[in-house]
Structures are given as C-alpha cells and as structure tokens.
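Down below is the structure, laid out as structure tokens.
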Amino acid sequence: MLGKALLFDRAFLYIWKKKKMITSIRLITLEINTHTLENKILNGKNEIVLNQFLRLGENRFDLEIVFDIPFKKVRNHDFNWITPFVGFKACEFAPKILQLENDFFVQANCNIGIWEIKDLKTLLWRFNPEYSTPLTNFKGKSNEKSIISATGLDLLDKTIALLFSKENSIEFSRSKIPFSAVACFTDHCDFDTINNLKTQRELFKMSNIKVTKGFFLNNYSKRENASYEENKEELDFWKNDGHELAYHSLSQSIKSVEKSIEDFKLFSPPFNNTPVWIDHGYQPYNFSLYKENNIDEIEYCNTLTQKNISILWNYIDSGNGTEGVINQMNTSDFTLKSYYNGIKKLPFNQRISLLIKNIMFHYYADEKKIRLYKNLASTFKRIIKKKSFKGVFVFFKDSFSVLKPLISVLLNWNYHKKIPYKYAKYSPIVFKHKIGQKYFYVFQTLEIIDFKTTLSKKNIQKLIDEKGVFIGHTYFSAPMKYHTGRVFREEDKIDDLVKENFLNLGISIKENKIWNPLLSEFVNYVSGFEKVVLDVDNNGRIVVIETGNLIFRQIE
C-alpha cells in the first residue's frame, strides 16, 4: 500500500516538473471582477477556496480553469466517452469527468454547478449562470410573464476541488435502476371528467405505468371538471393503483382574489403526503403569482410547509416533444433542427405554423416577441371569423414586428438551427429555490401533446440508448381536434396508436430498461446529487466519501 502511494506521489512530481497540469484558476463574478486563485495539487487534489472573494449570498460566478495539457476525452450525459468540443456542457446530473492527453482523469469532487468547455485547454465551472434555474413570474393586470433565476445554494461553506487520478473516475446514476433511462409523467387535469378519468386509469393499469396526476381539490369550474370534492372515490382509486396525486392549484376556475387566497391558506390536505404543486391558470396564490398579490414570502413558505408541499412547477418547458425530441438531458434535442426534423412529415401549413411557434416560444423565448405573436394570431382569427376589414390593417401593422425575428432565423438557418433553446441548454430538470427560510424543489418539463410521435417505439429506444430523462407535462384528457396525437381519439375512447405506444413503454419499464418513478420519487432520488462528495485516497484512486444514496460505478 505504502509503495503504491509513493509511486503515485512520484508520478505527480514528474508530471509537475514537465507540465503543471493546471496553468491558472480564475474566479469571475457577475460584476466581471476577476480573482486569481491558488493553483496547487496536493495528493491528486486541487482545492479551490472561494469564501475570501465571495460576498454573503453571492451564488452566480464562474471558475475559469486553464490546463497545461489538452483534453483528450470527456464523459457525456449518456455515460459514453466522446471527443471534447467547444461548448460542451455537463449539468448537475451529468458526469463531470474528462481525461487529459497524459491519461489522467480529472473529476469534480462534487456535482454542483455546470462544466462548460471554453476551448480544448480551458474549462469553465459555472455556478448558477443565467437560464440555468429559470422561474416564471407573472406581473400586472395582463399577467405579463418575466423569467427570473432561482435563489441558489449558499456556496461559501462548500469545498470545491478538482481531483486527478491515473487509476479511475466515478459516475452516478440518475435512475434507481442502475444507469437506465427515466420516464416520469405529470398530468394537468384541465379537461378531466369522471368518465375519462376511469378510461385513463384503465390504460395505465393495462400498461403498468405510474403517473403523477394533477387534480382539482375544489369543485369550482365553468365546465364539468372532475374534482376531489365531487369525485373522491375515483381519485382514491388512482392512489390505490400506485399513482401520485398532485395539486393543480385548487380549482379549475378563479374566484375573487380575497376568496382565492383564503382558500389557499385554509384548505386541508386530503392525504398525509401530497408534496407536488403544479400551477394552474392565473390563480392568485400560485408560485408564479403570490408576490404580485402581496402574499408575504415568509407566510407563503409557512403555508406550503404546513400543507407538506415541497416540489413546485410554474410554466417552464424544455420544449415540445416530437419524433427525435424526448431526452431533457440531451440539449441537442432542443434545437430548431431537431424539432423541424421531428415534424417534417406533417402537412406544409401545419409544419410551418408549428415551426414559427417554436421559434417564438422556445428559441427566442422573449416575452415581448411572444406577446406580439399572440396578438397577431388573435387578430388573424378575428379576421377569419368576423370578416373584419379593420383587423386587416392591424394584422399587417403587427406582422412586421413578428416577421423581423422570424426572417432573421430563416435567413441564417444553418447557424440558428443548432443552438440549444434558452431554457434547455443547461438541462435544468430539477433545482432548488429558497422561499422565506426554506428551500423547495422546482422541476422543468417536456411538453407532450403528440403522444404518437413523442412516445413512439423509435423515441423510447432513443431514450433507452441515451439513458435519458423526461418529465412529461401532459394533458391526457385534452379533447382538441387539432392535437392529432392526443390520447383520446373520441370521447372516452383511446387512440389505438397511442395505446400501443403506452403498452410498448410499459414493456420497457417491466424489463428494467426504464425507471418510471412518481415525480416525488424522482426528485427525492436525484436530490442526492447535491450531497455527493469525492476524494483521492493514498493509492491515487478517486473514492466516494458521501454517496447521496445514489447508485454509482467505477470507470477505469
């Protein structure tokens, strides 16, 4: 043992004399202040001390690490080695491992933050960069949408380090089934009725799929929606079948602001543990609106805590699922190129309409542009329905503001088509946000409207091959005819191809190729990534000090 440790130290001394491994480490803060940090490898470990340069609560900064030796390989999100390339990113749930040309493995001692390759000798270790933890806020009478960043973890007490080993590195599974894919469904109950609830439940029992099912607690709706108040027995059957129920706010329609807030503060949870809250509509007590309605942050935190709510969703999707678009860990799924390839079999008019919508909502994701687009679409509908000639003038006036960004993308298509969408480029699937004095988990979703293409055999195999992840944002009971890939072909009748897709997915789940967790199960498991701690032992091997209760394996 001692002899091997001496050999390890001597190898490092030799390499240190020839090349320094790391040339420099710089801390770059939000104000573009830069600080040169100590660069010293001891026993295969380079600790990076942050607290002398960061202010209390400062959690957005980059570490720029320049190596003396080029990168040879980098571990990808699918747990395969690939050739390094500029712009490569590794999010919190992906391996942070690379190999240098001298065959040394380099690994982060923890999974927090994001790795990004700046050039083939420079690594950025990024903490809370813009769009890595996006949250939706609605403001004003017209509920204008703005995107803010979550309040990240306090990093002053964290020990950040790079580990070096000739022997091995270690990677962690995102799935309880070791290194398998993950398929998780969250469903919005906007169109649920007692009849289609039964039909949905029968489908999932037949296919052995478990879902996190949104439900309305109160029977207050402009249409005949199911609710726990009126349909307790059926929703209890969902629980008994192993599904998870999640609050979809509290009712389908909105009461007065005062009555809504009173309902929120006073409602009694129907179950002991219902931790998931999915915002619905513009309910005044929603996560996305509570500040706008002057609900005190501490009071809001206490209400959520008292109701045992700890996991939140508020209107952020990575993109729209289609053929070739399913894996939220794979940022190349969320580009205009991938989306267009997925819809190119559709009729021309439908294809162009969907592409334009994707450019506005996901590529630009700019609320001013989206509002202009929505106004233009609304004006066009009025012209068609009401034959309004006055609307024609408004339509042409507004169309120039919408056409300009669209033309910019189309004229430079080869450049724009490869750029990951703004809210998908860092794969922010699950992250923490502080409300009051408590941290809550926020999750991001893949919108699934077309179940024929998104859950096709080809797509499910892609998910399996990539050991990928999706958290579906679905409306299983959506009746809209223009959703050609919807679950229900007719009222209470499941589409045959959609049924076949769910049955195929169920087979892959049964064969342990895919883990199908409830949302709270998935969040509880992957929360372990923030607890992981690694080190280098006396034999020069990277070892796990704290597992975070995650499954892991050696790479040698």
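The values are calculated or read from the model by the stated rules, or taken from the named source; none is laboratory data. This is a predicted model, so every value here is computed, not measured. Cβ: placed from backbone, ideal geometry, glycine included. Neighbour counts: every protein chain shown. The accessibility values were calculated without ligands, DNA or RNA, using every heavy atom of the protein model including side chains. Shrake-Rupley method; radii C 1.70, N 1.55, O 1.52, S 1.80 Å.
Any residue at all in segment 38-59 that's modelled with pLDDT of 80 or more, farther than 22 Å from CYS110 by Cβ and open to solvent by 20 Å² or more (accessible area, probe 1.4 Å)? No, every residue in segment 38-59 fails to be modelled with pLDDT of 80 or more, farther than 22 Å from CYS110 by Cβ and open to solvent by 20 Å² or more (accessible area, probe 1.4 Å).
Out of all the residues in segment 489-516, which are charged (D, E, K, R), open to solvent by 30 Å² or more (accessible area, probe 1.4 Å), touching a residue at least 12 places away in the same chain (Cβ under 8 Å) and not in a helix (DSSP H, G or I)? First the steps, then the outcome.
Filtering segment 489-516 for residues charged (D, E, K, R) gives 489-493, 495-496, 499-500, 510-511, 513.
When the remaining residues are screened for being open to solvent by 30 Å² or more (accessible area, probe 1.4 Å), the result is 489-493, 496, 499-500, 510-511, 513.
With the extra rule that they be touching a residue at least 12 places away in the same chain (Cβ under 8 Å), the set shrinks to 491-493, 499, 510, 513.
Passing the criteria: GLU491, ASP492, LYS493, LYS513.
Of the listed requirements (1) open to solvent by 10 Å² or more (accessible area, probe 1.4 Å); (2) free of Cβ contacts under 8 Å to residues at least 60 places away in the same chain; (3) in contact with a Phe, Trp or Tyr (Cβ under 9 Å, 6 or more places away or on another chain); (4) aromatic (Phe, Trp, Tyr), TRP81 misses just one: (3). For segment 435-467, the set of residues classified as closer than 30 Å to THR305 by Cβ and within 20 Å of the chain's Cα centre (by Cα) consists of ILE435, TYR439, PHE440, TYR441, VAL442, PHE443, GLN444, THR445, LEU446, GLU447, listed by residue number.
Looking at GLU64, GLU116 in this structure, which one is farther than 21 Å from ILE545 by Cα, touching a Lys or Arg at 6+ places or on another chain (Cβ under 7 Å), open to solvent by 10 Å² or more (accessible area, probe 1.4 Å) and free of Cβ contacts under 8 Å to residues at least 40 places away in the same chain?
GLU116
Scanning segment 138-196 for residues being of a type in the set (Asp, Glu), at pLDDT 95 or above and either part of a strand (DSSP E or B) or surrounded by fewer than 20 Cβ atoms within 10 Å (Cβ to Cβ) (or both) gives a total of 4.
Residue count for segment 472-513 satisfying the condition of being within 25 Å of the chain's Cα centre (by Cα) and closer than 22 Å to ILE343 by Cβ: 15.
Taking the condition buried (at least 17 other Cβ atoms within 10 Å of the Cβ) and in a helix (DSSP H, G or I), does SER260 pass? Criteria met by SER260.
Does LYS158 satisfy being of a type in the set (Lys, Arg) and touching a helix residue (DSSP H, G or I) at 6+ places or on another chain (Cβ under 9 Å)? Answer is no for this residue.
Only strands (runs of 3 or more DSSP E) whose full extent lies in segment 390-488 are considered here, and the ones with at least 2 residues that are among the charged types (D, E, K, R) and open to solvent by 40 Å² or more (accessible area, probe 1.4 Å) are 430-435.
Contact map, segment 305-318: residues that are under 15 Å from ILE435 (Cβ atoms) paired with residues that are of a type in the set (Ser, Thr, Tyr), Cβ distance under 6 Å, separation 6+ or inter-chain. Pairs shown: ILE311/TYR441; ASN314/THR136; ASN314/SER288. Being touching a Pro at 6+ places or on another chain (Cβ under 9 Å), surrounded by 19 or more Cβ atoms within 10 Å (Cβ to Cβ) and either of a type in the set (Lys, Arg) or outside any strand (DSSP E or B) (or both) is the filter here, so list the residues in segment 90-110 that pass it. Correct list: CYS91, GLU92. The residue pairs whose first member lies in segment 267-291 and is assigned to a loop (DSSP other than H, G, I, E, B) and modelled with pLDDT of 95 or more, whose second member is acidic (Asp, Glu) and surrounded by fewer than 22 Cβ atoms within 10 Å (Cβ to Cβ), and whose beta carbons are closer than 7 Å, counting only pairs six or more residues apart or on different chains, are ASN286/ASP279; PHE287/ASP279; SER288/ASP279. Taken over segment 202-248, the residue count meeting the criterion of being closer than 13 Å to PHE476 by Cβ, exposed (fewer than 15 other Cβ atoms within 10 Å of the Cβ) and small (Gly, Ala, Ser) is 0. Candidates are the residues of segment 319-355 that are free of Cβ contacts under 8 Å to residues at least 24 places away in the same chain and assigned to a loop (DSSP other than H, G, I, E, B); the one that is most open to solvent (accessible area, probe 1.4 Å) is LYS345. Of the set (1) assigned to a loop (DSSP other than H, G, I, E, B); (2) surrounded by fewer than 17 Cβ atoms within 10 Å (Cβ to Cβ), all apply to SER251 but (2).
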